[in-house]
Every structure is written in C-alpha cells, then in structure tokens.
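The values are calculated or read from the model by the stated rules, or taken from the named source; none is laboratory data. Fair warning: this is a prediction, and the values are worked out from it, not measured in the lab. Neighbour counts are summed over all protein chains in view; Cβ atoms, including those assigned to glycine, are modelled from backbone coordinates with ideal geometry. These accessible areas exclude ligands, DNA and RNA; they are computed on the full protein's heavy atoms, side chains included. Shrake-Rupley method; radii C 1.70, N 1.55, O 1.52, S 1.80 Å.
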Amino acid sequence: MKEELIKIAISEIENPTFETTKQYLEVHSVELKNGKPKIERIDYESFDTTNAVYFPIQNELFFLVVYLNKEDNEINGIGTENGHKVYLTATSEYLTYKELSELTKLRPLTGWSKNDLRKNGKSKYTFSRISFEPTKSQAYELEQKLKILLTELEKDKNGIKKLTEKAETYISVCSNLYVDGNKGIVFDEEIIKRMSELNLGIGIDQYVFGNELNNI
C-alpha cells in the first residue's frame, strides 16, 4: 500500500491533475531527492478515511500535502500543512546544563550552561537551558505533535515536576504558517488536562512564510 500511495502522490506532483496542485506549484517548488519529489512523511492515523503524503517545499518551512482515500487510494484533496516544532524547554540562571539534565530521565537533551560561549563565539549565554524534542520532523498538525510530546513527558512525571519547581519550564511551539493557508489554534480538554497534570504552560511563536497563490 505504501508504494502505491507514494506512486500516486508523486505522480500528482510531477503531472498535476488538480487545479489546486497547479496553483501551489506555480509559486512554489517541491524539494527533490534523486530527481524525484521528496516525501517527508506519510500519515496513516490522523484521519478516519484519508491518508496524507507530505512533501517539503524548497526554502520553506511548511508542506504540500496530497490526501488519498484509504479505501481506493484515489486523491481526494490537495492542501498545505504548517510546519510545527514542539518541544519542552527549561531555563535557569542558577543551575548548569548538567544540573538541569539530572532532574529528568528524558533523553536526548540539547542545550547549554550559563557562561558557555554562544555559537558566534562573541558572547556568552546568560542562562542555562535544556530542551527535549522527541519528533524532529515538522510535518505534523500541531495537536498531533503536541500529544506525541506529552506522551513522552508523561513517562517521567516526577522529573518534569522537579524541573517546573527548580527552573522556568514549559512547552514551546514554533508554528510556521503558510500565508494562504493559516489555521487557528485550538487545544481540546484532554490536552489542557494533560499539561495541567504535568504543571506545564505553553508558549507559541508564529511565523508566516511562502508566496501567495495567483488568482485564476
């Protein structure tokens, strides 16, 4: 089934049959791998009757998506999906990276200690930080990616609570929106309850990218 989905989705990118596909490809180009449209991800779970194939767009942080019926693999729609980076972050002006890391079992972690040199080598960090991001690909709806993160965090509830007590700790979201395809942000009761049980808040940064579609 996977190979058939890939074949049909790539065919639509290479030889568009939907006017929507043509509109998007008039103003954007899909990334290529070995001369073929690159597939970032195939989503079999988010929709009851539809699979989704995600294609990264050159020099952009959102995705072109081909939707196909699960029953017969026929394309039933073309759209975009905003790129989402969702991760846990904890910062402190007093604890080091090592000390923050020892409060949780989450791995792998990234970050730095206060007074470490910044990447530019010209200045030092004024605070320590650890970050945990279990899913690197940004080709997910925000709610879906947030639930994946919460599932990982719930494996170390005690560690997360220690972090919230000793450092500024919250879930950070970077949402990369397509200028002609923005979506609202809604969190259901389950997500809010799960964040509350971990004593976590959430911060959201939104950025707009891409070229507007041409009028037909």
- Task: Kindly list, by first and then second residue, each pair from a residue in segment 77-106 that is within 30 Å of ALA52 (Cβ to Cβ) to a residue that is part of a helix (DSSP H, G or I) and of a type in the set (Lys, Arg), limited to pairs with Cβ atoms under 7 Å and residues at least 6 apart or on different chains.
- Result: HIS84/LYS145; VAL86/LYS145
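Take the residues in segment 63-77 that are assigned to a strand (DSSP E or B) and touching an Asp or Glu at 6+ places or on another chain (Cβ under 7 Å), then tell me which one is farthest from VAL27 (Cα to Cα). Walk me through it before giving the result.
Step one: list which residues in segment 63-77 are assigned to a strand (DSSP E or B), which gives 63-69, 75-77.
Keeping just the survivors that are touching an Asp or Glu at 6+ places or on another chain (Cβ under 7 Å) gives 63, 65-66, 68, 75.
Working: PHE63: 13, VAL65: 15, VAL66: 17, LEU68: 23, ILE75: 22 Å.
For segment 63-77, the residue satisfying everything is LEU68.
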- Among the candidates SER137, SER172, single out the residue that is in a strand (DSSP E or B), touching a residue at least 12 places away in the same chain (Cβ under 8 Å) and surrounded by 12 or more Cβ atoms within 10 Å (Cβ to Cβ). SER172
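Restricting attention to segment 184-211, which residues are among the polar types (S, T, N, Q) and either surrounded by 15 or more Cβ atoms within 10 Å (Cβ to Cβ) or part of a loop (DSSP other than H, G, I, E, B) (or both)?
ASN199, ASN211
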- Query: Of the residues that sit in segment 5-42 and are without any contact (Cβ under 8 Å) to a residue 12 or more places away in the chain and part of a strand (DSSP E or B), which one is most open to solvent (accessible area, probe 1.4 Å)?
  - Reply: LYS33
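In segment 91-105, how many residues are hydrophobic (A, V, I, L, M, F, W, C) and either open to solvent by 10 Å² or more (accessible area, probe 1.4 Å) or under 19 Å from the mean Cα position of the chain (by Cα) (or both)? Walk me through how you get there before you give the answer.
The first filter runs over segment 91-105 and keeps only residues hydrophobic (A, V, I, L, M, F, W, C), leaving 95, 100, 103.
Adding the requirement that they be either open to solvent by 10 Å² or more (accessible area, probe 1.4 Å) or under 19 Å from the mean Cα position of the chain (by Cα) (or both) leaves 95, 103.
Selection size over segment 91-105: 2.
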- Query: With (1) modelled with pLDDT of 95 or more; (2) acidic (Asp, Glu); (3) in contact with a Leu (Cβ under 8 Å, 6 or more places away or on another chain) as the list, and GLU14 as the residue in question, which single condition is left unmet?
  - Reply: (3)
- Query: Within segment 109-126, which residues are outside any strand (DSSP E or B), under 21 Å from GLU168 (Cβ atoms) and open to solvent by 60 Å² or more (accessible area, probe 1.4 Å)?
  - Reply: LYS114, ASN115, ASP116, ARG118, THR126
- Note on the structure: Filtering segment 76-90 down to residues that are over 14 Å from the mean Cα position of the chain (by Cα) and either at pLDDT 95 or above or open to solvent by less than 30 Å² (accessible area, probe 1.4 Å) (or both) yields GLY77, ILE78, GLY79, THR89, ALA90
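Being under 27 Å from ALA9 (Cα atoms) and without any contact (Cβ under 8 Å) to a residue 40 or more places away in the chain narrows it down to one of THR151, THR49, so name that one. Before the answer, list the steps.
Working: THR151 fails: under 27 Å from ALA9 (Cα atoms).
Of the residues listed, the single one that is under 27 Å from ALA9 (Cα atoms) and without any contact (Cβ under 8 Å) to a residue 40 or more places away in the chain is THR49.
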- Query: Does any residue of segment 61-71 turn out to be among the charged types (D, E, K, R) and closer than 26 Å to SER131 by Cβ?
  - Reply: no
- Item | One residue from LEU150, LEU146 being surrounded by 15 or more Cβ atoms within 10 Å (Cβ to Cβ), over 19 Å from ALA52 (Cβ atoms) and of a type outside the set (Val, Ile, Thr) | LEU150
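Can you work out which of the residues in segment 43-70 that are charged (D, E, K, R) and surrounded by fewer than 16 Cβ atoms within 10 Å (Cβ to Cβ) is farthest from SER175 (Cα to Cα)?
Our first condition is that a residue be charged (D, E, K, R); within segment 43-70, this holds for 43, 45, 48, 60, 70.
Going one step further and asking which of them are surrounded by fewer than 16 Cβ atoms within 10 Å (Cβ to Cβ), we end up with 45, 48, 70.
Working: GLU45: 21, ASP48: 25, LYS70: 28 Å.
By that ranking, first place goes to LYS70.
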